[in-house]
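Colleague: Take a look at the following structure, please.
The values are calculated or read from the model by the stated rules, or taken from the named source; none is laboratory data. Bear in mind the structure is a predicted one, so any value in this text is a computation, not a measurement. Glycine also receives a Cβ, built like all others from the backbone with ideal geometry; neighbour counts cover every protein chain displayed.
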Amino acid sequence: MSDADKEESLLENPDSKHTDDRLVYRSILVPIDFSENSEKSAIYAARLAACFGCPVTLLHVINLQDYPINRYPLEYTVPDRYVSQYEFAESEAKNGLKSFERQFSSRGLHVQIETRVGSPFEEILTAADNCAADLIVIGSHGGTGIGRLLLGTTTERVIERARCPVLVVTGL
């Protein structure tokens, strides 16, 4: 059997153990926490998405435990009505994600921004399922010491539980 015949039979039988094993990504999820590490992961994800021409979902998870009651002043939009801390945090997150969004849209890539509320690693996993991500590109804070030992990091928890590959970006 010639090489051309083998290639043709592989195309006809996609369940064959000799199928095309090229790496292809159809959807990438990029969690953003606005740290320097998430900036690096966004740059890397933009390069990957450009190579594969796939859409990207940029995600910021609002962990309300990170927003003490007195951290932000009350914002008044209309008399006697204030914007809750969640609404304020969501607005700030969406504005922050817009600068990341430009990195992708300037390359002609389809990008969606999303904010979620809850435990960061759980919301990242849920978002990955919802957008059918076949790759999560995430930065690492490189946590050390007893805090990392006892609690683990968001990145480590995502790696342990993700249903798709996770690319951890530590530096460029």
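Colleague: Please go through region 102-123 and pick out each residue that is over 22 Å from Ala50 (Cα atoms) and not charged (D, E, K, R).
Modeller: Selection gives Thr115, Val117, Gly118, Ser119, Pro120, Phe121.
Colleague: Still on this structure, I have one more. Take the residues of region 21-45 that are outside any helix (DSSP H, G or I) and charged (D, E, K, R): which is nearest to Cys131 (Cα to Cα)?
Modeller: Filtering first and then ranking leaves Arg26.
Colleague: Give the residues of region 111-133 that are assigned to a loop (DSSP other than H, G, I, E, B) and buried (at least 16 other Cβ atoms within 10 Å of the Cβ), sorted by residue number.
Modeller: Cys131, Ala133
Colleague: In addition: Give the residue, chosen from Ile136, Ile113, Ile124, Ile146, that is at pLDDT below 95 and β-branched (Val, Ile, Thr).
Modeller: Ile146
Colleague: List the residue pairs whose Cβ atoms are under 7 Å apart, where the first residue sits in region 14-38 and is modelled with pLDDT under 75, the second is surrounded by 12 or more Cβ atoms within 10 Å (Cβ to Cβ), and the two are 6 or more positions apart or on different chains.
Modeller: Ser16/Leu10; His18/Leu10; Thr19/Leu10; Asp20/Leu10
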